[in-house]
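Here is the structure we will look at.
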Amino acid sequence: MSNLGERLKVGIILENPVFVQVLAMCPVLGVTSSVNNAIGMGLATTAVLIGSNAVISLLRKVIPDKIRIPAYIVVIASFVTLIKFLLQGYLPELYKSLGLFIPLIVVNCIILGRAEAYASKNNVINSIFDAIGMGLGFTFALSVLASFRELLGAGTILGFQIMPSFYEPAIIMTMAPGGFITLGLILAGINQYKISKSKKANK
């Protein structure tokens, strides 16, 4: 359990794939116009992470070093195809909303990065915990970003009206520029916090 707690802390806070490593910007900016889409993409990516990390860890001593990257991509693509069919069959509305971003999970640098940096060097249990941590960190980041964008751009959260009736939605927040603006402000706030914390520690 301590290892799970450590990997969760690393994935969600210390090495958050979006807010710290600034990875996977295509889905981060593309699907965060609503919280529903953000959670759906985050959980789909987490499922692929868990499956691919587990399989790659199991096969790490069998896969030849020279073809490891193509092998990892085949494993990842298999899980993405499975998730795609499950979403298409059981959550068709979410499948339509996410669209092209579902197959693009195959080239998500978070998944390939964890396969190369962690799963290929650690046992199955640790690799699964790492996948859970990184997946939840990714889902958390998408959800935070989407909450700001949906609230300001539509006045809602998860489709429920939050803003008063007289609020005029800032439509730009549901568009691509709104994603850049929101992400930039969040990253600026995080960096400012780190700088202030560092200055206090050095006093």
- Identify the single condition in (1) within 30 Å of Val75 (Cβ to Cβ); (2) loosely packed, with under 12 Cβ neighbours inside 10 Å; (3) not charged (D, E, K, R) that Gly137 does not satisfy, given that it satisfies every other one. (2)
- In this structure, is Ile63 of a type outside the set (Gly, Ala, Ser), modelled with pLDDT under 95 and not in a helix (DSSP H, G or I)? yes
- Of the conditions (1) surrounded by 18 or more Cβ atoms within 10 Å (Cβ to Cβ); (2) free of Cβ contacts under 8 Å to residues at least 40 places away in the same chain; (3) more than 20 Å from Asp130 (Cα to Cα), Leu98 fails just one. Which one is it? (2)
- Task: May I ask you to verify whether Pro17 is buried (at least 18 other Cβ atoms within 10 Å of the Cβ), assigned to a loop (DSSP other than H, G, I, E, B), touching a residue at least 24 places away in the same chain (Cβ under 8 Å) and in contact with a Phe, Trp or Tyr (Cβ under 7 Å, 6 or more places away or on another chain)?
- Result: yes
- Message: Given (1) at pLDDT below 95; (2) surrounded by 20 or more Cβ atoms within 10 Å (Cβ to Cβ); (3) not β-branched (Val, Ile, Thr), identify the lone condition not met by Pro177.
- Response: (2)
- Message: Looking at the structure I just gave you, is Gly153 in contact with an Asp or Glu (Cβ under 9 Å, 6 or more places away or on another chain), crowded, with 19+ Cβ neighbours inside 10 Å, at pLDDT 90 or above and of a type outside the set (A, V, I, L, M)?
- Response: no
- Query: What number of residues within the range 113-129 satisfy the criterion of being within 14 Å of the chain's Cα centre (by Cα) and over 15 Å from Ala54 (Cβ atoms)?
  - Reply: 1
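The values are calculated or read from the model by the stated rules, or taken from the named source; none is laboratory data. Nothing here was measured: the structure is a model prediction, and the numbers come from that model. For neighbour counting, all protein chains shown are included, and Cβ atoms are generated from backbone atoms with ideal geometry for every residue, glycine included.
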